[in-house]
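In what follows, a structure is listed as structure tokens, so that the remarks can point back to it.
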Amino acid sequence: MTSLKVLFIGGTGIISSACGARAVESGVDLTILNRGSTSIRPVPDGAEVIQGDIRDPDSARAALGDREFDVVVDFVAFTPDHVQTDVELFTGRTGQYVFISSASAYQTPPARLPIVESTPLRNPRWEYSRNKIACENLLVDAYRTNGFPATIVRPSHTYDRTAIPLTGGWTDLDRMRRGAPVVVHGDGTSLWALTHHVDFAKAFVGLLGQPAAVGDSFHITSDESLTWNQIYTAMATALGVEAKLVHVASDTIVAAEPSLEGALLGDKAHSVIFDNSKVKALVPDYVATIPFSAGAREIVEWYDAHPERQTVNDDLNATFDKLIAAAGQ
């Protein structure tokens with residue numbers, strides 16, 4: 001039996017790095033197309049790397065030549081222009097094209113839970129999500145009109161050891177270590193799904209080369225639901241400190257720091273629970289096994305080993321101090 005020939009465009013991001021490792025472990029014949037720039041996540045041993053820039057179609061064509069693949073996955077397509085380039089580049093050259101969308105494309109706030117793949121797509125508060133929706137619409141049309149073999153995958157909040165899932169990132173962890181309070185949006189009781197990238201990769205690689213996945217969409221998340229209070233507390237526990245949480249309305253946080261509108265009002269401020277039964281029907285052995293308590297320890301260990309990554313945002317720190325003072329804490 002010949003190995004599945006798969007092309008990853010990107011390959012060193014949070015999601016793609018784990019998917020690449022899983023693919024190679026699973027016997028996939030993996031080729032990675034990227035610009036060859038350095039990354040904190042290495043390309044897995046056993047993968048072929050070719051250098052080219054997908055943002056420059058001539059560069060990509062030169063790098064790929066006339067090669068064909070069973071599956072092409074683009075991890076770095078964010079706008080309809082990006083996807084249109086892929087459709088033109090890979091029509092007739094692959095049996096499956098996988099687009100990485102986002103669970104933030106779902107109706108925000110969701111009218112009902114759990115979220116399923118047929119939940120409407122609408123996010124008025126985040127341009128990133130609206131662009132992903134536009135990409136999906138283009139691919140659905142290409143599939144319906146010309147049979148372009150698209151599969152849409154919607155990750156939710158997927159993290160690795162480098163990705164702190166708190167609003168302030170390392171700034172929040174630094175505050176915790178100093179014994180300072182941290183700002184938590186809302187009352188901290190809304191539910192969230194955090195998925196370790198190694199878990200995500202289990203389901204994702206299982207979809208590759210599956211004819212039943214073509215022309216369809218899937219989200220992939222952990223089944224663990226945590227409140228934001230629990231998430232912040234898990235990070236504090238991993239640091240070996242006690243969490244001092246100050247709750248501030250999401251609207252108030254965004255008024256003080258408008259750059260957070262998309263991430264908060266367009267995403268994290270609303271409870272989400274995902275029904276993963278659709279992906280499990282095609283990948284029946286998929287189960288997420290890494291709880292965030294373990295992921296939080298990985299994050300702290302990695303940052304402690306990389307002090308050069310411990311960047312405090314002074315402006316955000318000042319904003320947090322003002323919000324906490326205004327809350328009377």
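Within region 69-81, if we keep just the residues that are out of contact with any Asp or Glu (no Cβ under 7 Å at 6 or more places or on another chain) and within 12 Å of Gly10 (Cα to Cα), the residue that is most open to solvent (accessible area, probe 1.4 Å) turns out to be Val76.
Of all residues in region 18-43 being polar (S, T, N, Q) and under 25 Å from Ala62 (Cβ atoms), which is most open to solvent (accessible area, probe 1.4 Å)? For region 18-43, the residue satisfying everything is Thr38. Within region 168-194, residues that are within 25 Å of Asp314 (Cβ to Cβ) have Cβ atoms under 6 Å from residues that are of a type in the set (Asp, Glu) and at pLDDT 95 or above in these pairs: Val182/Asp172, counting only partners at least 6 apart in sequence or on another chain. Being open to solvent by less than 30 Å² (accessible area, probe 1.4 Å) and over 30 Å from Gly147 (Cβ atoms) is the filter here; which residues of region 198-223 pass it? Hits for region 198-223 are Asp199, Ser222. Scan region 5-41 for residues that are in contact with a Gly (Cβ under 6 Å, 6 or more places away or on another chain) and part of a loop (DSSP other than H, G, I, E, B) and report the count. Residues flagged as in contact with a Gly (Cβ under 6 Å, 6 or more places away or on another chain) and part of a loop (DSSP other than H, G, I, E, B) within region 5-41 amount to 1. Can you spot a residue in region 58-68 that is of a type outside the set (S, T, N, Q), open to solvent by 10 Å² or more (accessible area, probe 1.4 Å) and within 24 Å of Ser26 (Cα to Cα)? Looking for residues that are of a type outside the set (S, T, N, Q), open to solvent by 10 Å² or more (accessible area, probe 1.4 Å) and within 24 Å of Ser26 (Cα to Cα), one finds at least one in region 58-68, hence yes. Put simply, of Val300, Val279, Val287, Val246 the only residue that is part of a loop (DSSP other than H, G, I, E, B) and either modelled with pLDDT of 95 or more or open to solvent by 60 Å² or more (accessible area, probe 1.4 Å) (or both) is Val287.
Within region 313-329, residues that are closer than 16 Å to Leu166 by Cβ and assigned to a helix (DSSP H, G or I) sit with their Cβ atoms under 6 Å from residues that are open to solvent by 20 Å² or more (accessible area, probe 1.4 Å) and among the charged types (D, E, K, R), at 6+ positions apart or across chains, in these pairs: Thr319/Glu257. Residue pairs whose Cβ atoms lie under 8 Å apart, sitting 6 or more positions apart in sequence or on different chains, and linking a residue in region 61-78 that is part of a strand (DSSP E or B) to a partner that is surrounded by 17 or more Cβ atoms within 10 Å (Cβ to Cβ) and of a type in the set (Lys, Arg), are Phe69/Lys5; Val71/Lys5. The single condition among (1) in a helix (DSSP H, G or I); (2) open to solvent by 10 Å² or more (accessible area, probe 1.4 Å) that Met235 does not satisfy is (2).
Criterion first (open to solvent by 10 Å² or more (accessible area, probe 1.4 Å) and either at pLDDT 95 or above or within 17 Å of the chain's Cα centre (by Cα) (or both)) does Arg177 satisfy it? So Arg177 passes the test. Among residues of region 257-271 that are part of a helix (DSSP H, G or I), those with a beta-carbon under 8 Å from a residue that is modelled with pLDDT of 95 or more and of a type in the set (A, V, I, L, M, F, W, C) at least six positions away or on a different chain give the pairs Leu260/Ile253; Leu260/Val254; Glu261/Val254; Leu264/Ile253; Leu264/Val254; Leu265/Val254; Lys268/Trp192; Lys268/Trp228. Of everything in region 258-276, what is surrounded by fewer than 20 Cβ atoms within 10 Å (Cβ to Cβ), touching a Ser or Thr at 6+ places or on another chain (Cβ under 9 Å) and farther than 16 Å from Ser129 by Cβ? Give them in sequence order. Listed by number, the residues that qualify are Ser271, Ile273.
Looking at Ala103, is it of a type outside the set (Val, Ile, Thr), at pLDDT 95 or above, farther than 26 Å from Asp315 by Cβ and under 15 Å from the mean Cα position of the chain (by Cα)? The answer is yes for Ala103.
Reported count of residues in region 88-116, each being aliphatic (A, V, I, L, M), out of contact with any Phe, Trp or Tyr (no Cβ under 6 Å at 6 or more places or on another chain) and surrounded by 15 or more Cβ atoms within 10 Å (Cβ to Cβ), is 5.
The values are calculated or read from the model by the stated rules, or taken from the named source; none is laboratory data. What you are looking at is a predicted structure, and each value in this text was computed from that prediction instead of being measured. So basically every Cβ, Gly included, is an ideal-geometry build from the backbone, and we count neighbours across all protein chains shown. The area values use the complete protein model at the heavy-atom level, side chains included, leaving out ligands, DNA and RNA. Shrake-Rupley method; radii C 1.70, N 1.55, O 1.52, S 1.80 Å.
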